[in-house]
1. Being part of a loop (DSSP other than H, G, I, E, B) and more than 16 Å from the ligand (Cβ to nearest atom) is the filter here; which residues of the range 204-231 pass it?
2. Does GLY107 satisfy being modelled with pLDDT of 95 or more, farther than 26 Å from VAL275 by Cβ and part of a loop (DSSP other than H, G, I, E, B)?
3. Pull out all pairs, ordered by first then second residue, where Cβ-Cβ is under 7 Å, the residues are six or more apart or on different chains, the first lies in the range 54-71 and is in a helix (DSSP H, G or I), and the second is open to solvent by 100 Å² or more (accessible area, probe 1.4 Å).
4. Looking only at residues in the range 22-74 that are among the small types (Gly, Ala, Ser) and within 13 Å of the chain's Cα centre (by Cα), which one is nearest to GLU162 (Cα to Cα)?
5. Given the condition assigned to a loop (DSSP other than H, G, I, E, B), of a type in the set (Gly, Ala, Ser), within 22 Å of ILE119 (Cβ to Cβ) and more than 16 Å from the ligand (Cβ to nearest atom), answer yes or no: does some residue in the range 232-248 qualify?
6. Would you say LYS244 is crowded, with 16+ Cβ neighbours inside 10 Å, in contact with a helix residue (DSSP H, G or I) (Cβ under 6 Å, 6 or more places away or on another chain) and farther than 26 Å from ARG151 by Cβ?
7. Counting only residues that are in a helix (DSSP H, G or I) and touching a helix residue (DSSP H, G or I) at 6+ places or on another chain (Cβ under 7 Å), which one in the range 191-201 is least open to solvent (accessible area, probe 1.4 Å)?
8. Anything in the range 137-189 that is within 15 Å of the ligand (Cβ to nearest atom) and open to solvent by 10 Å² or more (accessible area, probe 1.4 Å)? List them, or say none.
Amino acid sequence: MKIHRALQGAAVLLLAGAIVTAHAAKLNVMTSTEDLAALAREVGGDKINVDSIAKGYQDPHFVEPKPSFLLKLQKADLLAVVGLDLEIGWLPPLQTQARNGKIQKGGPGYLDLSTACQILEIPQGQVTRAMGDVHPMGNPHYWLDPENGRRIAKAFMTKLSEMDAADAATFQQRYADFDKRLTTAQKGWEAKMAPYKGRKVITYHRSWPNFCERFGLQVVDYVEPRPGIPPSPTHTLELINTMKRDGISLILVEPYFDLRTPNSIAQQVGGDVAVLLPSVGGKKEVTDYFQLFDYDVNLLVSLFQKHK
Ligand SMILES: [Zn+2]
């Protein structure tokens, strides 16, 4: 009898301990990309743990699904994704193997940010992957417009408040603060880019429609003949002719692509290659969403000044 009572007491203590832990525990947030992690961090602060699977210097279409991510996905309360099939090649097997019901598509801990954002280049009519097109559902690089960054942060605020009602006031306050800082920063970026409105550029991959629309740049053509398809000699020749004809000097290239073709094109037209960062973490020093636009806008401005 005595032993039984002692055990009961221990059980009560254990239970109390578990409740205390549950209240103090931070939400474990996993994101597919570093941009989403950066925006989740703006809203969640020290109330959440955040980690991303893809690194900002990797091509987000093609990420190696390392088993080390499984443990993190097993413990995740929330999985935030870019969606529009950006992660189709690597995330679904990790999700399945993690055997965490919460973070499966449609689960309570699954957040697809594309549903909250403005999406460009949504294909009309029959969609096929036959040509290797990696953007079959619209352009998935939508986080490169600060207005979509704001929408992503707001979606995080709503979701985190739902999952952790006790900290909802903190999430709302942090979102309001982010919103304010973003408005100020965006005015600065737009002012810096204003003199170059209407400039024509070539981009390697279709990563920049949202960015270019926001800042008034005109994307005329791409180094890739189709999204996800490597450069071809015929298309490269067409590009050189287009750039010469239209007086286009800049080729925007993501850091994970081979620079040989863009460099050779730039050389033949007397232009420049701008290695812009499509993601937070694209360079070590670019650690948040604001630094990402600071970096890209400053680089573009310096190159536009060079090619008047
Ligand atoms: Zn893409």
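1. Selection gives GLY216, LEU217.
2. Judged against the criteria, GLY107 is a match.
3. LEU70/GLN97
4. Of everything passing the filter in the range 22-74, ALA40 is nearest to GLU162 (Cα to Cα).
5. Within the range 232-248, not a single residue is assigned to a loop (DSSP other than H, G, I, E, B), of a type in the set (Gly, Ala, Ser), within 22 Å of ILE119 (Cβ to Cβ) and more than 16 Å from the ligand (Cβ to nearest atom).
6. No, not satisfied.
7. Filtering first and then ranking leaves MET193.
8. Matches in the range 137-189: MET137 only.
The values are calculated or read from the model by the stated rules, or taken from the named source; none is laboratory data. Values in this document were obtained by computation on a predicted structure and should not be read as measured data. Please note: Cβ atoms are built from the backbone with ideal geometry, for glycine as well, and neighbour counts cover all protein chains shown. Note: accessible area is taken over every heavy atom of the protein model, side chains too, but ligands, DNA and RNA are not part of it. Shrake-Rupley method; radii C 1.70, N 1.55, O 1.52, S 1.80 Å.
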